[in-house]
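In what follows, a single structure is set out as structure tokens and then discussed.
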Amino acid sequence: MWHALMLSASWWFVSRLQEISGGAFTVAEEHGGNNYDTLTLYDRDQREIMSFNRPGHLHIWCTMNHELTEGQDRGSSRMIDIWPEIERSSPQTVLDEIVRLIELPVPEKPLPATPATLLSRLASDILSLSVFDEDCFDCRSGYCDGAPIPFEIRRHLFEPFPEPRERLSKPIDLARKESLKFWFIVRKSEPLLCFETNGTVYTRKGRTLDLMEMHKESGGRITAEMMADCL
């Protein structure tokens, strides 16, 4: 259960940071066996801002202005022991501290939805459905940098989705760039849904959905229940 809670909470933080910033972050995944399993957030200049290491700490590398954070030494990250901190206070309190440390401007009113904000919100919502289940949902990238295989395209995740799978038929460098655009909802190692960063959703039943259109049709609220028949 603790693993499922970490997965769900990490995507909750990502979704809230995307909503506050108007989708300013690119999210990538890095994996290193039992040592690290991170969601890394890059800004629009492709500068690494922070990494959520699910088995470990939150590492903040710089502010949104590419400066050191408060109390940070040059050449190292500002580490927050995020999971005990959440237990001591609350997720919202920790989020507020992260926003303060990276100097992320908070808008006076919610910013318009973007594919990035909707993707992260839906991933967070779906993962929250299974935090008490033995076999929880997970959200994984089509591309993973880490160990034991560096620069791995997770081709097995693309198999049930013909259009995304076809995009990997390009030369390897182009295939890697394509694989970075896709995220998958997974359960028991089986891919159930495929998200593209442009807001397209692919289902195992061959349906193609547009998150921005769904957002408009739902009156601005996309929920996991809207995907129930696909999970």
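Things to note:
- The listed residues SER189, SER21, once ranked by accessible area (1.4 Å probe) with the largest placed first, stand as SER189, SER21.
- Of the solvent-accessible surface of the chain, computed with a 1.4 Å probe over protein heavy atoms with every protein chain present, carbon and sulfur atoms account for 51 percent.
- In the assembled protein chains, ASP125 presents an accessible area of approximately 40 Å² (probe radius 1.4 Å).
- Relative to the current alpha-carbon distance between ARG88 and ASP173, full extension at 0.36 nm per residue lengthens the span by 26.1 nm.
- ALA113 long-range amide H proximity, modeled H, under 5 Å: none
- Take the Cβ atoms of ARG204 and HIS3, set R0 to 22 Å, and the FRET efficiency comes out at 0.35.
- Extension gain from GLU67 to ASP135, taking 0.36 nm per residue of separation minus the Cα-Cα distance: 20.4 nm
- Residue of LEU104, LEU58, LEU174 that the Gaussian network model of the chain assigns the largest fluctuation, springs spanning Cα pairs under 10 Å: LEU174
- Solvent-accessible heavy-atom area per residue, rounded to whole Å², over segment 14-158 at 1.4 Å: 48 Å²
- In the chain, helical runs assigned H by DSSP with n ≥ 4 each contribute -39500 (n - 2.57); averaged across all residues and rounded to the nearest 500, the mean residue ellipticity at 222 nm is -9500 deg cm²/dmol.
- Euclidean distance between Cα centres, segment 18-70 to segment 205-229, Å: 27 Å
- Taking ASP37, ASP138, ASP45 as the candidate residues, the one with maximal mean-square fluctuation in a Gaussian network model of the chain, Cα springs under 10 Å, is ASP45.
The values are calculated or read from the model by the stated rules, or taken from the named source; none is laboratory data. Everything numeric in this text was worked out from a predicted model, so none of it was measured. No Cβ is skipped: glycine too gets one built from the backbone with ideal geometry, and neighbour counts run over all protein chains shown. The accessibility values were calculated without ligands, DNA or RNA, using every heavy atom of the protein model including side chains. Shrake-Rupley method; radii C 1.70, N 1.55, O 1.52, S 1.80 Å.
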